[in-house]
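The values are calculated or read from the model by the stated rules, or taken from the named source; none is laboratory data. What you see is a predicted model; the values in this text were computed from it and never measured. Every residue, glycine among them, receives a Cβ derived from its backbone with ideal geometry; neighbour counts consider all protein chains shown. Each accessible area value is taken on the protein alone, full model and side chains, heavy atoms only, with ligands, DNA and RNA left out. Shrake-Rupley method; radii C 1.70, N 1.55, O 1.52, S 1.80 Å.
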Amino acid sequence: CVVYVLPGFVLLRAEKCGACGPGFASPLDAMKGPREELVYVPCIYRNTESSKPDFLATVDVKPDSPRYCQVIHRLPMPNVGDELHHSGWNACSSCFGDSTKARNRLILPSLISSRIYVVDVGSDPRAPRLHKVINSEDVFWKCDLGHPHTSHCLGSGEIMISALGDPAGRGKGGFILLDGETFEIKGNWERGEKTPPMGYDFWYQPRHNVLISTEWGVPRCLGYGFDPNDLKKGRYGRRLNVWDWSTHSYVQAIDVGEDAAPLEIRFLHNPDAAEGFVGCTISSAIHRFYKTQRGDWAAEKVIQVPSKKVEGWLLPEMPAFITDILISLDDRFLYFSNWLHGDIRQYDISNTRQPRLLGQVFVGGSISRGGPVTVCEDQELQKQPEPLTIKGKKVPGGPQMIQLSLDGKRLYVTTSLYSAWDKQFYPELIREGSVMLQLDVDTERGGLAVNRSFLVDFGQEPEGPCLAHEIRYPGGDCTSDIWL
């Protein structure tokens, strides 16, 4: 590749690149990439009626395929009770300039067992195979961490995985570093004695010498479901944690509110941009974070989804429960899911300080008409939304993980959050399994619509209903690729 070194960063010129590595030279180049034909989805059996191991599902999403909307391959893990969660790649667009790298391994951390699986998706993308198992004991002893969550590839060729806590299930923010070739644990990424009290998701941006991580909650409390008594006891996160990228040191905490539980964090895709968004689950708010003129970081709330006063639910007020967010590759739109209220939203973020709602669609949720919950006071809706039925199946659960096609025109949705919370809030997910849906996106004027010809029903699995979680494309996507 032809590489131009500019002050403070490296710029990759795709048009002069004769033998580039994985991914795309820029976010806008990625938008011109091929349409997705396969997706990989971790499927969980923990807390269901089946004692089978979790598996990685390969789903055919090519419209003219005879197996469209079907699971065409299942790769079971060798252990039971893992709780596969968020996956990542061994190499992605951060390695674009390295022709020796290939996006051919999927990294699967296990939230409960703390194992990490490395899956070969390169030999046969339609039939992945297990490449390596990293045992939990190695994670515990080499890093003093447990409950791995988010995996990102680095430009160095290494792989970095965030953790929720320590081996005993206490809260602790930290990162596991893997060798990108052998997948051996190299140790901790972080340096120094100072660490955050909790961990969850993260995003890095070398041009601004920063990594920012988030906090969900104390793992040993989360494992048994949501207990309102844990609120006001410091068991849920409230900070964005800022790290110096070059020294790997923890330098700043940004408070976004008590029991906010900031989860998914996304920088804008433009690597020059020094801002992004984070979704706060319990407080149901979106905060914009940004670099200040002083050179440190700050956050401001830019969207607040109001709670609804209800009867027939756990509490007298139901928060929206923002559980996943993403930004389109052209940085035009912000999307997020409200797992409890049941809606997915699209915002215009051309003015990042004042996002503007363009699209909204309800796909399940706890406030659907005819269900056990009665909405007594609602600041947004005039009436409770109708339940969503596709191909004769009433959608169980609420919208949770979302993934956008490279061109921004299709939004995929799954309905399982975390098995212990699924069991508590949506017991029908345990009985019926979750689903994967597809929304059509209007990228010209804005707007969302359910594609009623698309349904993947994970309640029909051979080993019994399961809980489908995060969605990945073999060619990369807008939540796993970071540009340097």
Exercise. Work out, step by step, the length gained on full extension between T443 and Q304: first 0.36 nm times the residue separation, then minus their alpha carbon distance; give nm to one decimal.
Key: 47.7 nm
Quiz item: At Q379 and R294, where each label point lies 7 Å from the Cα along Cα→Cβ, what is the point-to-point distance in nanometres?
Solution: 3.0 nm
Self-check item: At 1.306 mPa s and 10 °C, Stokes D of the range 262-417 from Kirkwood alpha-carbon radius, µm² per second
Solution: 98 µm²/s
Quiz item: Roughly how many whole Å is it from the C-alpha centroid of the range 207-250 to that of the range 372-386?
Solution: 32 Å
Quiz item: What accessible surface, in Å², does a 1.4 Å probe find on S434, ignoring ligands, DNA and RNA and rounding to the nearest 10?
Solution: 0 Å²
Practice problem: Would you kindly state how much longer the chain becomes between E317 and K393 on full extension, computed as 0.36 nm times their sequence separation minus their alpha carbon distance, in nm to one decimal? | Solution: 24.5 nm
Quiz item: Do any GluC sites (Glu not before Pro) in the range 178-259 lie in a DSSP loop with no more than 10 other beta carbon atoms within 10 Å, and if so, which?
Solution: E193
Self-check item: Nearby aspartates and glutamates by direct alpha-carbon distance to K172 (threshold 14 angstrom, same-chain neighbours under 8 apart not counted)
Solution: D144, E190, E193, D201, E215
Quiz item: When the Karplus curve 6.51 cos²θ - 1.76 cosθ + 1.60 is applied with θ = phi - 60°, which whole-Hz ³J(HN,Hα) does each residue of the range 427-436 get, with x for Gly and Pro?
Solution: x, 5, 5, 5, 7, 10, x, 8, 9, 10
Practice problem: Set the Förster radius R0 to 51 Å, insert the Cβ-Cβ distance between S50 and A253 as r into 1/(1 + (r/R0)^6), and round the FRET efficiency to 0.05. | Solution: 0.80
Practice problem: Calculate the spin-label point distance for A273 paired with L28, positioning each point 7 Å from the Cα along the beta-carbon direction, and give it in nanometres. | Solution: 1.4 nm
Quiz item: Of the heavy-atom accessible surface of the range 27-468 (probe 1.4 angstrom), what whole percent is carbon and sulfur?
Solution: 45 percent
Practice problem: Quick one: divide the alpha-carbon radius of gyration of the range 110-241 by 2.2 N^0.38 Å and tell me what you get. | Solution: 1.10
Quiz item: Can you give the accessible area of Y117 in Å² (nearest 10), computed on protein heavy atoms with a 1.4 Å probe?
Solution: 0 Å²
Practice problem: Kindly state, to the nearest 0.05, the FRET efficiency for T182 paired with W245, given R0 = 30 Å and r defined as their beta-carbon distance. | Solution: 0.80
Self-check item: Computed helical MRE - 222 nm, the chain, DSSP H runs ≥ 4 contributing -39500 (n - 2.57), nearest 500
Solution: -1500 deg cm²/dmol
Quiz item: Using 1/(1 + (r/R0)^6) with R0 = 41 angstrom and r between the beta carbons of E428 and S156, what's the FRET efficiency to the nearest 0.05?
Solution: 0.35
Quiz item: Given the chain reduced to its alpha-carbon atoms as identical point scatterers, what log10 I(q)/I(0) does the Debye formula return at q = 0.06 Å⁻¹?
Solution: -0.23
Quiz item: Ranked by accessible surface with a 1.4 Å probe, highest first, in what order do H131, H147 come?
Solution: H131, H147
Quiz prompt | Unit charges on C-beta of K, R, D, E only; dipole of the range 432-484, Debye | solution = 140 debye
Quiz item: Hey, what's the range 27-468 come to in accessible area per residue, 1.4 Å probe, Å²?
Solution: 36 Å²
Quiz item: Structure shown: which of K142/K291; K32/K383; K32/K308; K52/K308; K232/K423; K309/K423 lie over 29 Å apart, alpha-carbon to alpha-carbon?
Solution: K142/K291; K32/K383; K32/K308; K52/K308
